[in-house]
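Scroll down for the structure; my scribbles are underneath it.
The values are calculated or read from the model by the stated rules, or taken from the named source; none is laboratory data. Treat the numbers as computed from the prediction; the structure is a model and nothing was measured. When we count neighbours, we look across all protein chains shown, and the Cβ atoms used for this are built from the backbone with ideal geometry, even at glycine.
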Amino acid sequence: MGAGHAHGSEPASLGPAPAPLRLLVALLVGPLVLATVVGLAVLWPDGDLEITTPGADVQRGTATVQEIGPCRRDVGGCRSATVELHSGPGAPGQAEALLPYGDAAPDVEVGDRIVVTYVADGEEGEQYAFQDFDRGPPLLTLTVLFVLGVLALSRWRGIGSLVSLAFSLVLIAVFTLPAIMEGSAPLAVAVVTAAAIMVVTLYLSHGFTVRSTVAMLGTLASLVLIAVLGWVFTTVGHFTGVVDEGSQYISTVAAQVDLHGLLLAGLVIGALGVLDDVTVTQTWAVWELADLDPEASTRSLFVRAMRIGRSHVASTVNTLVLAYVGATLPLMLVFSALELPFGIAVSQEVVAQEVVRGLVGGLGIIAAVPVTTAIASLVAARLVRERRTANAAPSHRA
């Protein structure tokens with residue numbers, strides 16, 4: 001594995017990985033890849049699930065507001081708009097769409113792009129109605145800026161990162177969500193999803209090298225720990241997974257979905273991105289230290305890389321926890337307005353699940369640093385010894 005990439009992302013002075021090391025790596029990675037492929041095949045959704053629920057027959061499309069006036073109803077404040085349909089039923093063409101009204105209604109103006117719903121058996125003038133603003137154009141602009149920023153900084157390697165990101169999103173859309181909706185165990189689906197994303201992302205973004213494999217092994221070990229801790233504490237804490245309108249709706253229209261498992265699935269997939277950052281950084285740090293020190297030993301590499309890891313884990317854990325706190329900030333404001341004691345507010349499931357996600361994810365990150373650093377130090381020290389042997393060989397022959 002390493003021999004073919006000595007000129008690539010691996011530091012050239014460390015030399016190619018010896019054959020026994022490449023064989024060991026293959027023996028470790030091979031079963032993981034095989035298990036991932038088997039998991040995808042077994043859990044892949046068959047597409048036969050049909051959900052019938054009120055509102056399922058509603059169609060949607062996009063439109064631009066041309067004119068705003070009173071609606072046909074004899075209700076004070078009721079408004080309707082003449083819209084130019086861009087997609088959905090009746091497009092292209094014009095239609096009359098009901099607009100929301102009242103003090104809390106969104107402010108719709110002429111020229112706004114909106115999403116409209118269409119009900120075929122609705123009354124004349126009320127078949128179309130405003131659902132939301134069409135945020136597609138600004139999101140597309142932001143996506144283009146993001147892609148350009150990645151390519152400007154990472155150049156050709158950025159293409160691999162973008163392809164990996166696209167793969168992750170597509171896999172979640174075509175496999176993860178449908179498989180969970182059909183009743184497959186969410187945690188099993190999440191583990192298979194995470195493994196597939198991990199393999200593709202690390203190798204596409206960082207090259208098919210020994211150190212990419214080391215980062216992957218560290219990530220895998222940490223994900224297993226996160227899954228186990230998540231299962232233990234969500235079970236002991238009597239988490240149900242029914243905490244918001246989305247989960248309540250799913251429990252109504254798709255009773256086969258395990259909401260407790262869905263909570264665990266979100267925990268595993270949510271932690272994957274942060275773990276990838278930590279394990280890659282630690283592995284690359286060990287490799288650079290080994291590249292600079294021709295006398296590096298496993299112990300010295302581990303000790304020095306852990307100094308880097310401690311600083312990195314402190315900032316990363318803080319980032320992860322704050323991200324989950326931010327997700328519950330509006331709800332915490334509600335609890336504050338109700339003057340609930342802090343202990344009671346935090347123990348509410350909708351908040352407590354974010355606490356568990358943050359703390360369990362943090363423990364996974366804490367574990368990822370020494371585990372990944374240890375594996376990387378063992379492998380890099382072996383490469384250093386191979387380098388010393390290769391450099392000493394000419395002198396012996398002389």
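Scanning the stretch 166-182 for residues that are more than 20 Å from L267 (Cβ to Cβ) and of a type in the set (G, A, S) yields one hit, A166. Looking at the stretch 341-348, is at least one residue surrounded by 18 or more Cβ atoms within 10 Å (Cβ to Cβ), of a type outside the set (V, I, T) and closer than 25 Å to G273 by Cβ? Within the stretch 341-348, not a single residue is surrounded by 18 or more Cβ atoms within 10 Å (Cβ to Cβ), of a type outside the set (V, I, T) and closer than 25 Å to G273 by Cβ. The single residue among L383, L363, L340, L359 that is aliphatic (A, V, I, L, M), in a helix (DSSP H, G or I) and farther than 20 Å from N318 by Cβ turns out to be L383.
Okay, residues lined up against (1) in contact (Cβ under 8 Å) with a residue 24 or more places away in the chain; (2) hydrophobic (A, V, I, L, M, F, W, C); (3) crowded, with 20+ Cβ neighbours inside 10 Å:
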| residue | (1), (2), (3) |
| --- | --- |
| G266 | yes, no, no |
| G273 | no, no, no |
| D277 | yes, no, no |
| V280 | yes, yes, yes |
| T283 | yes, no, yes |
| A290 | yes, yes, yes |
| A296 | yes, yes, yes |
| V313 | yes, yes, yes |
| V321 | yes, yes, no |
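Can you give me the ranges of the helices (runs of 4 or more DSSP H) entirely in the stretch 91-190 with at least 3 residues that are closer than 25 Å to Q248 by Cβ and in the same structural domain as D258 (by TED's automatic domain parsing)? In the stretch 91-190, the matching helices (runs of 4 or more DSSP H) lie at 177-181.
Considering only the stretch 232-254, I want to know if a residue exists there that is assigned to a helix (DSSP H, G or I) and buried (at least 22 other Cβ atoms within 10 Å of the Cβ). Yes - at least one qualifying residue is present in the stretch 232-254.
When A254, A290 are screened for being at pLDDT below 80 and either assigned by TED's automatic domain parsing to the domain that holds L187 or more than 28 Å from V192 (Cβ to Cβ) (or both), only A254 passes. Residue-level analysis places T117 outside the set of residues that are in contact with a His (Cβ under 7 Å, 6 or more places away or on another chain) and of a type outside the set (F, W, Y).
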